[in-house]
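Please treat every number below as a calculation from the coordinates, not as lab data. Keep in mind that what you see is a predicted model, and the values were worked out from it rather than measured. Using ideal geometry, Cβ is built from the backbone for each residue, glycine included, and neighbour counts are taken over all protein chains shown.
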Amino acid sequence: MQNPTMPDAVAASATSHDAALRAIFLEARTHFAWQDRAVPDALLREIWDVARMGPTSTNGSPMRVIFVKSDAARERLKPGIKPGNLAKTMAAPVTAITAFDLDFYENFDRLAPYATDRIAAYREDPDLAYRAAFRNATLQAAYFMIVARAKGLDCGPMSGFLHDVVDETFFAGTNLKSNFLINLGYGDPSVLFPRQYRFAFDEACSVI
């Protein structure tokens, strides 16, 4: 016998998926002005706990993050921000410094015990390690932004900063390298300009 509730369940699921896509992509925008609303540490933890589950090569998980929230931390970050990005960064409730760990493979005993035989290859080839760390940490940062949007936050990713200054300030003595920054908070939609054009499928894709 057909379940009479099944069509309703399917419709509800489709509606839920549509709402998620709107929140994450279709209606979400890159923000540069912020409401005066705090972002709780607990929310940042919730976002991380979901985003960490996204796939990375060999489960290497090379991304590391420093969440800049306090006034003192903002003052440390300020010299590393280019002038055009300074005001919006200082106004953001949180700025995430996303970074990648060039020694990520040293954690394979916990993250990928089936692949510990690959550690030597990374140790012997710094370029291989750099490319793997950078690529997968960038993926992880994208996962983080997707989850942040799904959890109700707005994001303002940017690469307009001085990597050497930020690395010396926040990662001195480590093998971590900054990737890009993400301003996080509750955006002010009143100052957004119209969404810009995106390539259509036939302009950017092919099926062969």
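Nearest 500 deg cm²/dmol is fine: what mean residue ellipticity at 222 nm does the chain get from its DSSP H runs of n ≥ 4 alone, each adding -39,500 (n - 2.57), divided by its residue count?
Numbers: 9 runs with 90 residues, N = 208.
Rounded to the nearest 500, the figure is -12500 deg cm²/dmol.
Could you derive backbone 3J(HN,Hα) for region 60-67 from the dihedral phi with the Karplus parameters 6.51, -1.76 and 1.60 (θ = phi - 60°), listing whole Hz in sequence and x where the residue is Gly or Pro?
Here the 3J(HN,Hα) series is x, 6, x, 6, 10, 9, 10, 9 Hz.
I'd like the distance separating the alpha-carbon centroids of region 163-208 and region 34-52, in whole Å.
Each part reduced to its Cα centre gives a spacing of 17 Å.
Mind giving me the nanometre distance, one decimal, between the label points for residue 30 and residue 74, set 7 Å out from Cα along Cα→Cβ?
Result for the modelled spin labels: 2.2 nm.
List the residues, sorted by chain then number, that are 5 or more residues from residue 161 or on another chain and whose placed amide H is less than 5 Å from its amide H.
82
Would you be so kind as to identify all helices of the chain, as entire DSSP H runs, whose Cα atoms reach 30 Å or more along the helix's own axis and whose mean Kyte-Doolittle hydropathy is at least -1.0?
Numbers: long enough: 126-150 (36 Å, 0.37).
Correct list, ordered by number: 126-150.
In Å, the Kirkwood hydrodynamic radius of region 29-188 over pairs of distinct alpha carbons? Can you show the working numbers first?
Working: mean 1/r = 0.0614 Å⁻¹.
Kirkwood radius, region 29-188: 16.3 Å.
If you take the beta carbon distance between residue 20 and residue 109 as r and set R0 to 35 Å, what does 1/(1 + (r/R0)^6) give as a FRET efficiency, to the nearest 0.05?
Details: r = 36 Å, r/R0 = 1.03.
That gives a FRET efficiency of 0.45.
Give me a comma-separated list of calculated 3J(HN,Hα) values for region 176-182, in order, Karplus coefficients 6.51, -1.76, 1.60 applied at θ = phi - 60°, integers in Hz, x for any Gly or Pro.
Listing the rounded values in order: 9, 10, 5, 10, 8, 9, 10 Hz.
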